[in-house]
Amino acid sequence: DAGITQSPRHKVTETGTPVTLRCHQTENHRYMYWYRQDPGHGLRLIHYSYGVKDTDKGEVSDGYSVSRSKTEDFLLTLESATSSQTSVYFCANGPEGTDTQYFGPGTRLTVL
Amino acid sequence: GDSVTQMEGPVTLSEEAFLTINCTYTATGYPSLFWYVQYPGEGLQLLLKATKADDKGSNKGFEATYRKETTSFHLEKGSVQVSDSAVYFCALTINQAGTALIFGKGTTLSVSS
């Protein structure tokens, strides 16, 4: 079980507005990930973290930043939202010693 | 680069029919292979996994065998139920923590009674 909560679950915002999505885990796993899901693309990695203050870029990182100041929280920020960032965002985590990832319930973001 | 190709959907079946969803992969290393399932309005749930050639993953009546010679990981179930209606994703990762899951585009399964 991921033990992940994501907030908000739904958000509608306007182009140019900053947006922060929160991922909180209760499992204390070392690795955390942000993916976006778009029709016809499956899920694609945005950023991931391998520890507190340790993060790296994924396949589709442009326009996104992340922060991890505590083991349990992984934040995804859109500095200036664009319509192309309308998507469903999933957070995932994974324990050390395994390559399995467990997913949260998702956040549906609409940028008008 | 690494990639996953799975059959296009939607797949429409009657209850108790046999299910196969094809998945093939391209990877430079020795990947772990996964099937995830997404029920409407929910996140992804791990259905099964296999970490080396000839391993069989199984869960809830679903099975998939890691075939290195054909680079495939086809999902099968002998008798589907209406409750199996969902989107199924095949995915791979190179065998270490902290690396991305590479997903196929997903296959929608619809089962009618």
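When residue A:65 is tested against the conditions (1) within 14 Å of chain B (Cβ to nearest Cβ); (2) touching a Leu at 6+ places or on another chain (Cβ under 9 Å); (3) part of a strand (DSSP E or B), the lone failure is (1). Taken as a whole, the condition of being within 27 Å of residue A:39 (Cβ to Cβ), in contact with an Asp or Glu (Cβ under 7 Å, 6 or more places away or on another chain), surrounded by fewer than 15 Cβ atoms within 10 Å (Cβ to Cβ) and away from chain A (no Cβ under 11 Å) applies to residue B:82.
Within the stretch A:78-97, the set of residues being surrounded by 16 or more Cβ atoms within 10 Å (Cβ to Cβ), in a loop (DSSP other than H, G, I, E, B) and either in contact (Cβ under 8 Å) with a residue 40 or more places away in the chain or within 14 Å of chain B (Cβ to nearest Cβ) (or both) comprises just one member, A:81. Of the set (1) in contact with a strand residue (DSSP E or B) (Cβ under 8 Å, 6 or more places away or on another chain); (2) away from every other protein chain (no Cβ under 11 Å); (3) farther than 22 Å from residue A:98 by Cβ; (4) hydroxyl-bearing (Ser, Thr, Tyr), all apply to residue B:66 but (3). Determine whether residue A:105 is free of Cβ contacts under 8 Å to residues at least 40 places away in the same chain and under 23 Å from residue B:107 (Cβ atoms). So residue A:105 does not fit the description; no.
Of the residues making up the stretch A:70-100, those that are at pLDDT below 95 and farther than 15 Å from residue A:28 by Cβ number 3. Identify the residue in the stretch B:1-60 that is closer than 16 Å to residue B:72 by Cα, surrounded by fewer than 12 Cβ atoms within 10 Å (Cβ to Cβ) and of a type in the set (D, E, K, R) and, among all such residues, is nearest to the other protein chains (Cβ to nearest Cβ). The qualifying residue nearest to the other protein chains (Cβ to nearest Cβ) is B:8.
For residue B:111, the stated conditions hold: it is crowded, with 18+ Cβ neighbours inside 10 Å and over 27 Å from residue B:2 (Cβ atoms).
Within the stretch A:11-43, being away from every other protein chain (no Cβ under 11 Å) and either exposed (fewer than 14 other Cβ atoms within 10 Å of the Cβ) or among the polar types (S, T, N, Q) (or both) holds for A:12, A:13, A:14, A:15, A:16, A:17, A:18, A:20, A:25, A:26, A:28. Residue A:64 meets each of the listed conditions (1) exposed (fewer than 14 other Cβ atoms within 10 Å of the Cβ); (2) more than 27 Å from residue B:35 (Cβ to Cβ) apart from (1). Taking the stretch B:5-49 and the strands (runs of 3 or more DSSP E) fully enclosed by it, the elements with 3 or more residues that are touching a Phe, Trp or Tyr at 6+ places or on another chain (Cβ under 6 Å) are at B:31-38.
The values are calculated or read from the model by the stated rules, or taken from the named source; none is laboratory data. Bear in mind the structure is a predicted one, so any value in this text is a computation, not a measurement. As a convention, Cβ positions derive from the backbone with ideal geometry for all residues, glycine included, and neighbour counts pool all protein chains shown.
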